[in-house]
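Engineer: Below is the structure I would like to discuss, written out as structure tokens.
Derivation of every value follows stated rules applied to the coordinates shown; laboratory data play no part. Just so it is clear, the model here is predicted, and its values are computed rather than measured. Here Cβ is always computed from backbone atoms with ideal geometry, including for glycine, and neighbour counts include all displayed protein chains.
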Amino acid sequence: MSWTEVIIEIAREHAEALSDALMEAGALSVSVEDADEGTDQEKPLFGEPGMEPTEAAWDHSRVVALTDTDADQAAIVAEAAAAIQLAQVPAFTTRAVADADWVRLTQSQFEPIHIGTNIWVVPSWHEAPDPDGLILELDPGLAFGTGSHPTTRLCMEWLEAHPKPGKSVLDYGCGSGILAMVAKKVGAGDVAGVDIDPQAIESARANAERNNCEIAFYVPDEFAVSPNERHAKGQFDIVVANILSSPLKLMAPMLSGRVAPGGSLVLSGVLARQAEEVAAAYAPFIKLGVWAEQDGWVALHGTLGQDTVPAPRSPA
């Protein structure tokens, strides 16, 4: 089987609506790219973990829709344009994408990722580069967290550097479940993950099963009524949350309250310039300091009951 890509260059204000309309009109998938990528006009957009990017499109956007080759591409574009009341049907180009090419393109974008000292995140179609390493088999796509984002890497490196054999761990905002799985692989006992997105929970459960990790995953309402008393109302030896700075600040009382006395809290999804205000939100409950920084992002950590701000990670 083969597919055809439909490529439309369009102004920013129409990109998101056109994407949705193309899906309704019969496209199999749609992505939005920077039409100026690779030029002096390129404009990077960055979303933060657990949230959509604050901007949905570029000033000069390229909408790429994947369609069945047998479909009427012109009709799909015309229907989508009419649905969002564009003044005229936008011009478009097409490109044939063979089955083998599509699979190869998708897989070539994801190579094994080496994190910390011994962690490897390996897509299912790859052999692990180091079979003696801490291997996580994880296919990207459904939920945030493949190890490629600096915030995920920082949390994984913290967990690897602070093994707690038999200890309990809560991964709040778990996405793909990757942090919960790292915790389990480095020896944690009772591990739970929570995410507001039911699709993320479904993905996390599948990933945990693939990696032979016994982890309980919940949406928040399920978490609150779990038959496991610790999960429903109790405290954990380690609480890790890789979300966004604003929700992290709002959740300071709740997340801090989930940390057992002498336990650790690890936060990421925080830009370096946001670290001070996030730490201030947690100051009434726990003293947080920057553990490490990577590409402008930081991981904060602290120990409940410790009155001093913890030291950063020692240089390698």
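Engineer: What full-extension length gain, to one decimal in nm, is calculated for Asn228 and His126 as 0.36 nm per residue of separation minus the Cα-Cα distance?
Structural biologist: Details: separation 102, 0.36 × 102 = 36.72 nm, distance 3.67 nm.
That pair, Asn228 and His126, stretches by 33.1 nm at full extension.
Engineer: Continuing with this model, one more query. Let me have the relative contact order for the stretch 127-245, percent, based on Cα pairs under 8 Å that are six or more residues apart.
Structural biologist: In percent, rounded to a whole number, it is 26.
Engineer: To the nearest 20 Debye, how big is the dipole of the stretch 247-316 about its Cα centre, given +1 on the beta carbon of each Lys and Arg and -1 on that of each Asp and Glu?
Structural biologist: That gives the stretch 247-316 a dipole magnitude of about 140 debye.
Engineer: Moving on. Mind pulling up the Rg/Rh value for the stretch 249-296? Radius of gyration and Kirkwood radius, both on Cα.
Structural biologist: 0.95
Engineer: How large is ³J(HN,Hα), in whole Hz, for each residue of the stretch 264-276 in order, when computed from phi with the Karplus curve 6.51 cos²θ - 1.76 cosθ + 1.60 and θ = phi - 60°, using x for Gly and Pro?
Structural biologist: So the Karplus estimates, Gly and Pro as x, are 10, 10, 10, 10, 9, x, 10, 6, 4, 6, 9, 4, 5 Hz.
Engineer: Hey, what does the equivalent ellipsoid look like for the stretch 150-303, semi-axes from the Cα gyration tensor as sqrt of 5 times each eigenvalue, largest first, whole Å? If you can, show how the numbers build up before the last one.
Structural biologist: Details: eigenvalues 99, 55, 45 Å².
For the stretch 150-303, the ellipsoid semi-axes come out as 22, 17, 15 Å.
Engineer: Figure the gain on full extension for Gln85 and Ser246 (residue separation times 0.36 nm, minus the Cα-Cα span) and round it to one decimal in nm. List each step's numbers first, then the result.
Structural biologist: Details: separation 161, 0.36 × 161 = 57.96 nm, distance 3.57 nm.
Gain on extension, Gln85 to Ser246, equals 54.4 nm.
Engineer: Can you give the extra length, in nm with one decimal, that the chain gains between Ala283 and Thr4 once fully stretched, where that is 0.36 nm per residue apart less the Cα-Cα distance? Don't jump to the answer; show the numbers that get you there.
Structural biologist: Working: separation 279, 0.36 × 279 = 100.44 nm, distance 5.45 nm.
In short, 95.0 nm is gained.
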